[in-house]
Amino acid sequence: MAHADPDALTLLALGEPAPDRSTEDHLRTCAYCRSEVEALREVVSLGREARAELDLPAPPDAVWNRIAAETGQEAIAPVVPLRRPPRRWRAFLAVAAVAAVVGASGAIVVERAMRTAPAVTEQLVAQTDLVRLGTAPDTARGTAQVVRTDGRTVLRVSVDGMPAPEGLYQVWLYDGAAVMIPLGVLTGGQADMPIPAGVDLRTFGVVDVSAQRLGQQEHGVSMLQGNLS
């Protein structure tokens, strides 16, 4: 459903009649537009209160004449106030001014939140260099780190000098004997992989990076390995 024109809602908030019958009919059925009008009316009320505080009476001419006599200056010509803008536009400007203040306040709150937000801390639990095996090229190397961050434990793997695989590279935790736990696929040379709860790294302390064929479920060909410590 299309909503009412914002200018029409502003006029209603200023106390002016609706520009057309369709706006009135729309407000009877649209809770969203009615809430917009109420919010604008609150802003207009704030603007008028602020304006009333600034509308202090000007000193009488006699005060200026006495000041001129004391200082030896010529009498100051009476101040002619500028013509005030129509009531509608005064309130409209109040809406704009208060809206600007609200926007600026929101920006300050966001900035302070960004400054005071606690930085994400990381705790290094274990690490290892990944050493190439005979199936990997001489340039292959990598690192693996077990990191606690943001309430979870991950294995952070980074490799370099590896050829583009025919399938993919898979990262495993290995007990060094017969059991391997797959953690995830390594793409782009670096990845953080969640370590399943309950996995004892004292038992599964070997990090293995293997070359896998697409669709291959069992462990493929080991390319890099390292022992966490």
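For segment 118-145, name all the residues that are of a type in the set (A, V, I, L, M, F, W, C), within 15 Å of residue 209 (Cα to Cα) and part of a strand (DSSP E or B).
Scanning segment 118-145 gives 130, 131, 144.
What number of residues within segment 1-21 are charged (D, E, K, R), free of Cβ contacts under 8 Å to residues at least 24 places away in the same chain and not in a helix (DSSP H, G or I)?
Total meeting the criteria: 2.
List pairs: first residue in segment 214-229 and closer than 14 Å to residue 155 by Cβ, second residue among the hydrophobic types (A, V, I, L, M, F, W, C) and outside any strand (DSSP E or B) anywhere in the structure, Cβ distance under 9 angstrom, at least six positions apart or on different chains.
Filtered contacts from segment 214-229: 224/133; 224/136; 224/140; 224/162; 225/133; 228/201; 228/204.
Please note which strands (runs of 3 or more DSSP E) are completely contained in segment 163-229 and include at least 1 residues that are of a type in the set (S, T, N, Q) and either surrounded by 13 or more Cβ atoms within 10 Å (Cβ to Cβ) or at pLDDT 95 or above (or both). Before you say what the answer is, go through the steps one by one.
Numbers: elements: 168-174, 180-186, 190-194, 206-212, 221-227.
Ranges flagged: 168-174, 190-194, 206-212, 221-227.
The values are calculated or read from the model by the stated rules, or taken from the named source; none is laboratory data. Predicted, not measured: the structure shown is a model, and the values here were computed from it. Virtual Cβ from ideal backbone geometry, glycine too; neighbours counted across all protein chains shown.
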